[in-house]
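Input: a single structure, listed below in structure tokens.
The values are calculated or read from the model by the stated rules, or taken from the named source; none is laboratory data. Everything quoted here is computed from the prediction, not taken from an experiment. For neighbour counting, all protein chains shown are included, and Cβ atoms are generated from backbone atoms with ideal geometry for every residue, glycine included. SASA here: full protein model, heavy atoms, side chains in, ligands and nucleic acids out. Shrake-Rupley method; radii C 1.70, N 1.55, O 1.52, S 1.80 Å.
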Amino acid sequence: MALSLSARSVFLSFLLFLSLSLSFAEIRDTQIRSDVRPIIPFDEFGFTHTGRLELNVSGIVISDPNADLSKVGFFLCTRDAWMHVLQQLEDGEVTCALLSDLVKPVFTFSDLKKNGDSFSTVFFETDADQFTLVFANCFGNQLKVSMDVRSAMYNLDGKSQRRDYLSAGKTILPRVYFLLSLGYFFLAGLWISVLYKKRLTVFRIHFFMLAVLILKALNLLCEAEDKSYIKRTGSAHGWDVLFYIFSFLKGITLFTLIVLIGTGWSFLKPYLQDKEKKVLMIVIPLQVVANIAQVAIDESGPFAQDWVTWKQIFLLVDVVCCCAVLFPIVWSIKNLREAARTDGKAAVNLMKLTLFRQYYIVVICYIYFTRVVVYALETITSYRYLWTSVVAGELATLAFYVFTGLKFKPEAHNPYFVIDDEEEEAAAEQLKLEDEFEL
């Protein structure tokens, strides 16, 4: 029974890492100190037939040098293989994951030289698949391990034999991000021309929309350079810092823009109500927390003991932000319905009401697609095509930006002033029917 519980614990910790990992890889330097975890996952990587793993470990300190060190070491394992390893542990066929014939041992501590505290090895992976580098300590709480680990996983690129440190399914992402950044810069230029041509009817919200476009373009450009340097050298060379900065600004401005449009600020009213200000006071600090969590997730890696905690914080905060931005849109819809019954401008308010209803639906679809559908795509798609989930998410974001710009662009004339009596009567009748339907 104890073995069964231990196996389940190992399985759950490993499965949680697999469900949240991003399949990026780079040269990592990791410090493990007095760690008793039975399983420590490092990076997940999609290998081709020319895959390589370079592993350099130094400063090895083991609390009990007399232990059977063949049960302590590193191995590579696929997701499917791990399910079978778990079954072997449950059935008692093996007592340690390292001893299973379904994993690929990279190095066990029994191979350390006498009194040695370091080793270096290169593992050649010729099976094209997605593997996770894992450290196993089959003694659990009975054995503490400390070490400095430097790992590098890469594929050799064709005839040039050039190293590619990006996973096989994400090696084209630098080009994807760069092309998308050009698309956003083009949209920013187009938006500037629209603002200039219709400058007499431009509101402050339109300049804010321009800032969001530019920040998104810069964010994608920095991400393209970040991934490009990782692909070629295994390190971001400082581009990750710029990426985090623009990602932080882009996240805050995008959620703020959704809230401001939802309230009708600038183009419907020049001020924010107290409850609308409170939404901003909630969303902006939460976005700060979300970005701090994202940096901690990316920089610490899944081997860190608090990595899962930061991941959960990020997901929770992101969900709360997505829900919070919907409230101002709902309030605006409610206010427009009430105004339509009292001020006698049924057609005007019906047009506004229709617009905000459309925006509400589109925001929900955008949130659902980018948070749920994209994750599902990443989960079910073969590791060779993991780039498709990134493209799907970015195209959905692009479509959301385009929709927002088209629906809330500055107009040369106010369409609400050119409504005839027949349209007014038709709108009034439609609102009456909606009220009866609700009743």
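Observations
- Under 17 Å from a label point set 7 Å out along the Cα-to-Cβ vector of D68, the amide N atoms of region 115-141 belong to 136-141.
- Surface composition of region 202-301: carbon and sulfur atoms hold 70% of the protein heavy-atom accessible area at a 1.4 Å probe.
- Table column - 3J(HN,Hα) (Hz), region 315-320, Karplus curve with 6.51, -1.76, 1.60, x for Gly and Pro: 5, 5, 5, 5, 5, 4
- Segment K104-V391, extension gain: residue separation times 0.36 nm, minus the distance between their alpha carbons: 100.1 nm
- Of the trypsin sites (Lys or Arg not before Pro) found in region 96-161, the ones in coil according to DSSP and having at most 12 other Cβ atoms within 10 Å of their Cβ are K113, K114.
- With the highest mean first, a sort of the peptides 161-168, 185-192 on other beta-carbon atoms found within 10 angstrom per residue produces 161-168, 185-192.
- Pairs over the 22 Å Cα-Cα cut-off, from the set K114/K144; K352/K407; K104/K311; K71/K104; K71/K144: K104/K311.
- Using a probe of 1.4 Å, the accessible surface attributed to R199 totals some 140 Å² when neighbouring protein chains are kept in position.
- Residues of region 258-299 with amide N under 20 Å of the 7 Å Cα→Cβ point at K198: 258-270
- Using C-alpha pairs under 8 Å with a sequence gap of at least 6, the mean separation divided by the residue count of region 116-261 gives a relative contact order of 22 percent.
- As a calculated quantity, the FRET efficiency between T354 and Q312 at R0 = 30 Å, using C-beta atoms, amounts to about 0.15.
- In region 271-322, trypsin sites (Lys or Arg not before Pro) in a DSSP loop with at most 13 other beta-carbon atoms within 10 Å: none
- Cβ-derived FRET efficiency at R0 25 Å, I380 paired with I27, nearest 0.05: 0.25
- 3J(HN,Hα) along region 124-137, derived from phi through the Karplus expression 6.51 cos²θ - 1.76 cosθ + 1.60 where θ = phi - 60°, amounts to 8, 9, 9, 8, 6, 5, 9, 10, 10, 7, 10, 9, 10, 10 Hz, with x in place of Gly and Pro.
- Applying 1/(1 + (r/R0)^6) with r as the Cβ-Cβ distance of K113 and V241 and R0 = 45 angstrom yields a FRET efficiency of 0.65.
- 18 Å cut-off, amide nitrogen to a point 7 angstrom out along V288 Cα→Cβ, residues in region 242-282: 244-257, 277-282
- Note on S34 and H84: their simple-model spin labels are 4.0 nm apart, each label 7 Å out from Cα toward Cβ.
- Accessible heavy-atom area order of R371, R337, highest first, probe of 1.4 Å: R371, R337
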